[in-house]
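See structure below.
The values are calculated or read from the model by the stated rules, or taken from the named source; none is laboratory data. Not measured: the values here are computed from a predicted model. All Cβ positions, even for glycine, are placed from backbone atoms using ideal geometry, and neighbour counts span all protein chains on display. Calculation scope for accessible area: heavy atoms of the full protein, side chains included, ligands and nucleic acids excluded. Shrake-Rupley method; radii C 1.70, N 1.55, O 1.52, S 1.80 Å.
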Amino acid sequence: KIRVQSLTLADWGCAQGDGTDVWASHISHQQLTGIDFSEIAIEQAKNRYSAIRFLSENWLETSADETHLYDIVFSSNTLEHFSKPYEVLDVLGERAKKAVILALPYREFDRIDEHFYSFSPKNIPIELKNGFRLIWSRVIDCRHLPNTLWGGDQIFLVYAEPLWLKSLKLTLSDYKIEQDDTTTIITNFHKEILVNQDQIADINQEVTTRDVQIANLSQEVVMRDARTAKLNQEVITRDAQIAKLNQ
């Protein structure tokens, strides 16, 4: 829809613009604006990605009337740096006309020093202060990604303005509300099954080896008993011979 409707998108908290440049590989750079309060970061972003528009603005200290509004406001891994992230999210919502898209660390209960809030199913809202509703979410286990910079889960959330949402005439196939990375869970479950199967195969092999050892020991016991019986017979025969000689 961003492509088809030529919607504008602001990447809030873009830092040096790496994530904004990823967006530029999917939609026209003319639709994009990178926003960050750091003038130094914005200058670096401008130098690195000159085709994209970057602005140094502090939305937390200016009202929506003083800055541009955008169809879509996107923010990746920013809200966790605030102790009251939903107050910040309200500010983002004031500048979005159609949707807010978020990427957040998810279930980060052992937080790194720079993070001051942990997002979980218990505290992620279904509706924002501006009336936008959660219409899509997905959880990604980043630990299995190559060259990952995040060793845990991330959750992606899309909140949409109801009237715009209604105009899209979406169907069930367009919706996904996910609070667990089911794909990874299933994959890990299958891996556990394979590991268990390997362990069972190893145990069966050990049992087979043990059974062979027991069979061998049993054979040795039979042979030993046979030798013992033979020796006993020889002793009896010898004792009889001795008794006969003593007569």
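Apart from one condition, ILE27 fits all of (1) over 24 Å from GLY131 (Cβ atoms); (2) in contact with a helix residue (DSSP H, G or I) (Cβ under 9 Å, 6 or more places away or on another chain); (3) open to solvent by less than 50 Å² (accessible area, probe 1.4 Å); the exception is (2). Answer with yes or no whether PHE156 is open to solvent by 40 Å² or more (accessible area, probe 1.4 Å), within 17 Å of ILE101 (Cα to Cα), among the aromatic types (Phe, Trp, Tyr) and modelled with pLDDT of 95 or more. Judged against the criteria, PHE156 is a match. Just to be sure, is GLU57 touching a His at 6+ places or on another chain (Cβ under 7 Å) and either under 24 Å from ASP21 (Cβ atoms) or among the aromatic types (Phe, Trp, Tyr) (or both)? Taking the combined requirement at face value, the residue does not satisfy it. Listed by position, the strands (runs of 3 or more DSSP E) inside the range 31-108 whose residues that are open to solvent by 20 Å² or more (accessible area, probe 1.4 Å) and out of contact with any Pro (no Cβ under 7 Å at 6 or more places or on another chain) number at least 2 are 53-56, 70-76, 96-106.
Among the criteria (1) among the hydrophobic types (A, V, I, L, M, F, W, C); (2) at pLDDT 95 or above; (3) over 17 Å from ALA99 (Cβ atoms), the one VAL73 does not fulfil is (3).
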